[in-house]
Amino acid sequence: MPRKTIPHNPALPSFFSFSRTMLLLLAILLPCGSPASAATWYVKPSAEVPVRSGQGAEFKILAVVPDGMAVEILEEVDPWARIRTPGGTEGWLLKRYLTSETPLSTAVATLQTEKSRLEETSGELSRKYNELSATQARNEKELEACRAERDKALNDYETLRQDNADVIGLQKRFAENTRELQETREKLAALELANTGRKRNSSIMWFLAGGLVLLSGWFLGILSSRSRKRKSTLY
């Protein structure tokens, strides 16, 4: 069966070429995908991945990112993603080279950094613990000294209180003795006064007795002389 020949239309190649160009421009200017929220993804372990200025191998290579580099996703248009490198370069690369999982090397580096930080923190904590231990030991020693001083002060206070009580007792006894002594002196003075009166009365009595004896002797002498005279007249 003879093939049916399609009449050649010179306008068709021009139309298809124009349509392809317009579609390409629309794909560049108006991407079909919606802008993605900025998120950090990582380049999968592979050969170095080129970052291009557009969605296609024909676009200019802006940068080459190694595996494990953290990039920021700005927009997703399957199978492409527009990213921003840590250096600030923005461009497109295939999404199959990206992963949200942290690369092992990055995780190991992060763990090593965290380990170093924890070691530093541990060393700092150990130093502070040693300082606190030394401070606690010093405080305990000072506390013991304060307790010893407190006990000594209490003992001194108790001794002083007892001494004060003794002094008060001595003062009371001294006052009582002074009062008794004063009473004794007053009694002694009264006795001395009474004794002096008795001595004076005794002297007077002895004087009177002596006078009486003299008078009696004188009277007896007179009587004796009269008796002798009387007898002589009788003879």
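What follows is calculated from the coordinates using simple rules that are stated; it is not laboratory data. Because the structure is predicted, anything quoted here is derived from the model rather than measured. With ideal geometry, Cβ positions are generated from the backbone for all residues, glycine too; neighbour counts draw on all protein chains shown.
Which of (1) farther than 30 Å from ALA70 by Cα; (2) surrounded by 11 or more Cβ atoms within 10 Å (Cβ to Cβ) does THR102 not meet, given it meets every other one? That leaves (1) as the condition not met. With respect to being within 24 Å of THR40 (Cα to Cα) and not aliphatic (A, V, I, L, M), LYS115 fits the description.
The residues listed here are ALA109, ALA81; of these, the one that is surrounded by 12 or more Cβ atoms within 10 Å (Cβ to Cβ), within 50 Å of the chain's Cα centre (by Cα) and not acidic (Asp, Glu) is ALA109. The condition (being in contact with a Leu (Cβ under 8 Å, 6 or more places away or on another chain) and not basic (Lys, Arg)) is satisfied by just one residue among THR113, THR89, THR135: THR89.
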